[in-house]
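First up is the structure itself, then whatever we jot down about it.
The values are calculated or read from the model by the stated rules, or taken from the named source; none is laboratory data. This one's a predicted model, so the numbers in the text were calculated from it and none came from an experiment. Backbone-built Cβ (ideal geometry, glycine too); neighbour counts: all protein chains shown. The area values use the complete protein model at the heavy-atom level, side chains included, leaving out ligands, DNA and RNA. Shrake-Rupley method; radii C 1.70, N 1.55, O 1.52, S 1.80 Å.
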Amino acid sequence: MDFTFTEEQQAAVEAARAVFSDVTPDRAPSPSLTRGAVAEDIDRRLWHELARTDLLGLTLSPDHGGAGLDPIALCLVLRESARVLARVPLLESCAVATALQRYGDRTLAAELLPRAGRGELILTVGANGRTGHDPAELAVSARPYGDGDGDDGNGNGNGNGRDDGPDGGASGWVLDGVQTAVPWAQVADWIAVPAHTAGGRPVLALVPRTRDGVTLADQVSTNGERLAEVRLEAVRVESRELIAAAGCWDWLRSLLTTGTCALALGLGERVLAMTADYTGKREQFGFPVATFQAVAVQAADRYIDLRAMEATLWQAAWRISTGSGGSLPAAGDVAVAKIWASDGVRRVVQTAQHLHGGFGADTDYPLHRYHAWAKQIELSLGPAAAHEEALGDLLAAHPLG
C-alpha cells in the first residue's frame, strides 16, 4: 500500500503544525481538578486562527471558499490537533459541512458553507442516539407535514399515508426524539440530527440550535468538555434542511468515525513521544530506564500498535475519500480502523502511565490530560469486540475469494 500524501495534503499538515505550535494542553483547567466542564466555550482564539489559515474550509470546494481537499487531508489535520488536545469542534464542523456539500440542498450549502469556512458559525452532529448503544438514526423520527399538517395516525404529518421524500409533496418535516452526548451543542449554530422516516429510511436533518422545540441539557465528557442531550419536540424543519439522499448518514457516520481514529492516532503518538522522553531521562541504578529490556519491549509493543492504527486509518480514509470498491464495503475498512484505534489508544496510555510511575498521575504534568482524552475517544469509538462482530457480519455477507 502506498500512503504517500499529495503536496496539497502535506501543505495542510504544515499549516496545521504552525497553528498548533502555539497551543498547550493546559489552556483549560485540568479535568481532574474541575467539577463539571473545564470551560464554558471552545478555544475561540484557536478557532479563529484555524479559520484565518483556511483549515476550517479544508474539504470545501473553492466555490464555497474552501481548499477542495479530501477527508484524508482532514484526518491529517485532526491527527495534529490531537497532539495538543485542541479544544475545538474541528471534526464535527468539517464533517457536517462536507456532508452538506456532498449531499445537501445547494442553496442551503451556499448560505452556510462559506460562513462555516470563515469560522463564523459552528456545526456539530448528534451521532450517539438516545443511549450511545443503538443506531443514532433510530432515536429521532422524521415525519413530513404539508400545508394543512394533519396526522393520519400512521406517523405521516401530511395525512396522506405516504412516506414522502423532500420532493414527494411535503413542504417540511417534523422531528421528535433525543440525541445524547452531542459535542459542543451549546455553542453550535446548527446541529446535524440523524433520524428515520416512517418507512425506516435514514435521513439527516440540519437544525438551528435556537429552533422552537429544541432543548439542551448539559452533559460533561470524560475529558471535561461540554456535551449536551439534545431533545427535539415537534421541531419543524424545511425540506431543504433535511437530507434524504441515499447513503448520506452512512457516509457522514463513517467520516466521523475515521476522524476519531485520526484523533486517537495523533494522541497516541504524542503520548509515546512523551514516554520516550521521560524514560530516556529517568535513571535507576545509574542507567536510563529506557535501556531496561522490560521498558523497551513495552514501548516497542505500543509503537507497533500505533503503526497498525496508522495503516488501518489511512485505508479507511482512502475508501471514504475515493469511493473505491473492494472485496468488502468501506464499512469493513472503517470497522478494522475502529478495532485498532479503540484498543490501541487504551494500551498506549496505560503503558505510558505505567512507565511514568507516580509522575504520570501528577496533575502538573500533562499526561493525565491525555489519559482522560484517550478514554473519551475509546468510549466514542466503542468496544473493539463490537466492531469485530460487525466485521464478522460483513465477511459473512461478502465472502472473500
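Residues of segment 355-374 being surrounded by fewer than 17 Cβ atoms within 10 Å (Cβ to Cβ) and not small (Gly, Ala, Ser), which ones?
Answer for segment 355-374, where residues must be surrounded by fewer than 17 Cβ atoms within 10 Å (Cβ to Cβ) and not small (Gly, Ala, Ser): PHE359, ASP362, THR363, ASP364, TYR365.
Here is a check on your reading of the model: is TRP318 within 19 Å of the chain's Cα centre (by Cα) and open to solvent by 50 Å² or more (accessible area, probe 1.4 Å)?
Here the answer is yes, as TRP318 does meet what is asked.
Consider segment 189-225. How many of its residues are assigned to a strand (DSSP E or B), farther than 18 Å from ILE122 by Cβ and open to solvent by less than 50 Å² (accessible area, probe 1.4 Å)?
Of the residues in segment 189-225, 5 are assigned to a strand (DSSP E or B), farther than 18 Å from ILE122 by Cβ and open to solvent by less than 50 Å² (accessible area, probe 1.4 Å).
Just a yes or no: is a residue in segment 339-348 more than 19 Å from TRP373 (Cβ to Cβ), part of a helix (DSSP H, G or I) and more than 17 Å from the chain's Cα centre (by Cα)?
No - not one qualifying residue is present in segment 339-348.
Identify, from the list VAL334, VAL348, the residue that is of a type in the set (Val, Ile, Thr) and under 27 Å from THR34 (Cβ atoms).
Only one candidate passes the filter, namely VAL348.
Select from segment 237-256 the residues that are in a helix (DSSP H, G or I) and among the acidic types (Asp, Glu) and write down the one among them that is least open to solvent (accessible area, probe 1.4 Å).
Filtering segment 237-256 for residues that are in a helix (DSSP H, G or I) and among the acidic types (Asp, Glu), the one least open to solvent (accessible area, probe 1.4 Å) comes out as GLU241.
Among the numbered criteria (1) open to solvent by 10 Å² or more (accessible area, probe 1.4 Å); (2) at pLDDT below 95, which single criterion is violated by ASP164?
So ASP164 meets the others, but not (1).
Which numbered condition trips up PHE3, out of (1) touching a helix residue (DSSP H, G or I) at 6+ places or on another chain (Cβ under 7 Å); (2) modelled with pLDDT of 95 or more; (3) farther than 22 Å from ALA110 by Cβ; (4) open to solvent by 50 Å² or more (accessible area, probe 1.4 Å)?
Just one mismatch for PHE3, condition (2).
Going by the structure shown, is ARG35 open to solvent by 30 Å² or more (accessible area, probe 1.4 Å), in a loop (DSSP other than H, G, I, E, B) and of a type outside the set (Ser, Thr, Tyr)?
yes
Give just the number: which of (1) touching a Pro at 6+ places or on another chain (Cβ under 6 Å); (2) open to solvent by 30 Å² or more (accessible area, probe 1.4 Å) does ASP301 not satisfy?
The one condition ASP301 does not meet is (1).
Regarding GLU233, is this residue modelled with pLDDT of 95 or more, under 25 Å from THR59 (Cβ atoms) and more than 24 Å from the chain's Cα centre (by Cα)?
Against the criterion (modelled with pLDDT of 95 or more, under 25 Å from THR59 (Cβ atoms) and more than 24 Å from the chain's Cα centre (by Cα)), GLU233 does not qualify.
Can you name the condition, by its number, that VAL77 falls short on among (1) open to solvent by less than 20 Å² (accessible area, probe 1.4 Å); (2) in a loop (DSSP other than H, G, I, E, B)?
Only one criterion is unmet by VAL77, namely (2).
Please work out if GLU137 is farther than 25 Å from LEU267 by Cβ, open to solvent by 50 Å² or more (accessible area, probe 1.4 Å) and not polar (S, T, N, Q).
Considered against the rule, which asks whether it is farther than 25 Å from LEU267 by Cβ, open to solvent by 50 Å² or more (accessible area, probe 1.4 Å) and not polar (S, T, N, Q), GLU137 comes out as no.
Among the residues of segment 91-114, which ones are out of contact with any Pro (no Cβ under 9 Å at 6 or more places or on another chain) and under 16 Å from LEU313 (Cβ atoms)?
none
So ALA330 ticks every box in (1) within 24 Å of the chain's Cα centre (by Cα); (2) surrounded by fewer than 21 Cβ atoms within 10 Å (Cβ to Cβ) but one. Which box is left unticked?
(2)
Run down ALA335, ALA352 and say which single residue is part of a helix (DSSP H, G or I), under 29 Å from PRO71 (Cα atoms), at pLDDT 95 or above and open to solvent by less than 50 Å² (accessible area, probe 1.4 Å).
Just one listed residue meets the conditions, ALA335.
Condition test on ASP22, is it under 20 Å from the mean Cα position of the chain (by Cα), over 30 Å from ARG106 (Cβ atoms) and in a loop (DSSP other than H, G, I, E, B)?
When the stated conditions are applied, ASP22 does not pass them.
Based on this model, can you work out whether ASP54 counts as touching a helix residue (DSSP H, G or I) at 6+ places or on another chain (Cβ under 9 Å), of a type in the set (D, E, K, R) and at negative phi?
Criteria not met by ASP54.
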